[in-house]
Each structure stands twice: as structure tokens, then as C-alpha cells.
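Structure first, then comments.
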Amino acid sequence: MNIDLYAWTGSMAEMPVVARRAEDAGFRTVWSAELHRSAFVPVAAMASGTTSVRLGSGVALAFPRSPMVTALTALDLDELTQGRFVLGLGTGVQRLNEDWHGVDWNRPVRRLRETVEIVRTLVEKADVGDPITIEGQLLSLRLRGYERPFVPVRRKIPIYIGAMGPQMTRLAGEIADGWLAHELGSPAYVRERILPQLTKGLVRGGRDLSSLDVVASACCVVHSDGREALRRTAGLVAFYASVRTYQEFFDFHGFGDEARRIQSLFREGDVGGMIEATPDEMVDALTLSGTPERAREKLEAYEGLVDTVKLSPPTHFVTESVTIEAQDSILKTFERA
């Protein structure tokens, strides 16, 4: 089973250092994310400090950029990393797209399918110079008189889809090179909710599970005091519980009432109350946080179920020092895992 890292730093200058530490520690891929930073610039920064670890956007928002901009960025980063780039794409939620970015959310599964088709076509053929025409239901590409004057490092860049709901998860199984999980999860959720949908998508795409990299994600704080590790992670769990989109996920794990209580406190602006309303049992069930022994035990529970586990430090409702210390604990605990 592979171990990946979502890298977090207080400054862009530290990105190459953290990525190099992950490379030296035997992590397979180092991922960026798109929220407080863009998805792609950190990848470029990490490339300057590494030579062998894969570098991925985990995930880049698919809709605010045109598919052509996404494809050209992927080609540039694949050249910069000498074939180590992984393009992770996700939709984000409706409010983020419409209110933050002013882009259409209509039929997101179909829109992402057509985005991936256009990106793949451009990666393969943008330097050839032949006309390219793709007419989708929502997106189209009509390229004439264009020839990218650079031979790509690869004509196929791996595309991973970040998905949680059943339709998007089926799409990942059907067309993607990998599935990227949400930051919270559990082996039971992967087994009972994710793998059946991935399998349906794989069948629809005429593929088998060996063609898909199944990447579980897990927030993680490793600390000699197990309860301290859980409390340092509680803010992140509370943050996601405040989003009603994820209610089914919390219901599945038996924490639906807690999530609804947290949503009420969120509407009141009571962050402290949200964290206090997130019990240790909830954090323990949905993350890898705990003592070194407990964290390794929870990681081992994914063995044979997924191909990869992506570990991340908490980044919501915590101080920068807590995030950095958590990342250090991940790198030390799971070195050469």
C-alpha cells in the first residue's frame, strides 16, 4: 500500500523542503490543494526540491478554468517535473462555484466528464497541429490553426477524480486513472459506499479495478497523548460537519446528530462551540489521529482495501504551529511505511 502526503506550509518557500522530506521518507506522491492557495503553483514550487516523488493537484477545481487552460497547465507541470505530475480534478460544491468563482454548476458530472475528455485530447494532440473538434452537451472545443511548439514529456498524464457522492464516484471508476477520497473517511465507508460505486463505473467503462488507483484520504495528528491528538484534529472534523453536503457521510458513521448540532453552532458563528460539540469518538472514527501505535493500527485497517492512503495535517480551526507539528508527526511516524 502506498503512502501519500498532502503538503502544507506557511510560506511558498517551504514547499520544496517539505516535498523533499516526503520524497526522502518514501512517500509516493505529494499533493497540493486548492482553497487558500491555487492548485498548481505549489506543484511548481515542490518540483524545484525533488527528483523522484510524484507531484499532484489534489484537487484542482475543474470548472473555473477552461479545459484548455487546465490541459496547458498540466503539460507545463509535466515538463517541469519530467513526467511526475498527476492531475487531480474535482468539482467543489455548488456554492463555491457559483458564489466564489461565478461559474456554471449545471450538471456537474456531465461537465466533469467532458472536461476530462477535452483535457486528455489536448495533452495527447496539442502539438500535432491537426484540427480538433469536440462537441459535448455542455462543453465544446473547436481548435483550428493551433500547434503547440513543444513535444510533451508524456501524451497521457494521469487524471484522478476527487469524488464522494455516488454519481461522481461512478464517473471516477469509469474514466479516471485514480479516485481521490475526501479528507475524512473510514475503511467501512470505502468498503460499503465507495467500492460498490467505483465497481459500477469500472464495469460501465469496460475496465477492472487494477486500472484504477484507489486513494483513501485521512487527516492525521500523531501525538504521545492520544486524546491531545484527537482534540487537535477536532476543528477540522467540525469544519466539514458544518457543511450540509456531507450529512449522509456523518449519518453513515452514526454521528448525524452531532453534525446537525455543529451546523446549528456554525450558523451562530460559535467556532469554539463547534469544536466542543465534536466528541473524541467522532474524531477517532473519521481520522487516523492518535498515538503512534493507534495511528499505525488505523492505517493498517486500509490494507487490502485501497491502493494508497493520502495523509494530511489538520488545516481548519487550528494554529499554524499545530498544522506544522502534525505534518512533522506524519513524516516521522510513517517514514518508509
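Coordinate-derived values only; no laboratory data. Here the structure is a predicted model, which means the values were calculated and not measured. FYI the Cβ positions are ideal-geometry reconstructions off the backbone, even for glycines, and counts take in every protein chain you see.
If you scan segment 257-302, which residues turn out to be of a type in the set (S, T, Y) and either within 21 Å of the chain's Cα centre (by Cα) or in a loop (DSSP other than H, G, I, E, B) (or both)?
T278, T287, S289, T291, Y302
For segment 184-256, list the helices (runs of 4 or more DSSP H) that sit wholly inside it and hold at least 2 residues that are of a type in the set (A, V, I, L, M, F, W, C) and more than 30 Å from E293 (Cβ to Cβ); which are they?
195-204
Could you figure out which of (1) within 13 Å of M68 (Cβ to Cβ); (2) in contact (Cβ under 8 Å) with a residue 40 or more places away in the chain isn't true of P108?
P108 satisfies every listed condition except (1).
Which of the residues that make up segment 18-69 are aromatic (F, W, Y) and over 14 Å from the mean Cα position of the chain (by Cα)?
F27, F63
If you check G205, G185, G201, G178, which single one turns out to be surrounded by fewer than 21 Cβ atoms within 10 Å (Cβ to Cβ) and of a type in the set (G, A, S)?
G205
Anything in segment 115-138 that is in a loop (DSSP other than H, G, I, E, B) and either in contact with a strand residue (DSSP E or B) (Cβ under 7 Å, 6 or more places away or on another chain) or of a type in the set (A, V, I, L, M) (or both)? List them, or say none. Before you say what the answer is, go through the steps one by one.
Residues of segment 115-138 in a loop (DSSP other than H, G, I, E, B): 126-131, 136-138.
Of everything in segment 115-138, those that are in a loop (DSSP other than H, G, I, E, B) and either in contact with a strand residue (DSSP E or B) (Cβ under 7 Å, 6 or more places away or on another chain) or of a type in the set (A, V, I, L, M) (or both) turn out to be A126, V128, P131, L138.
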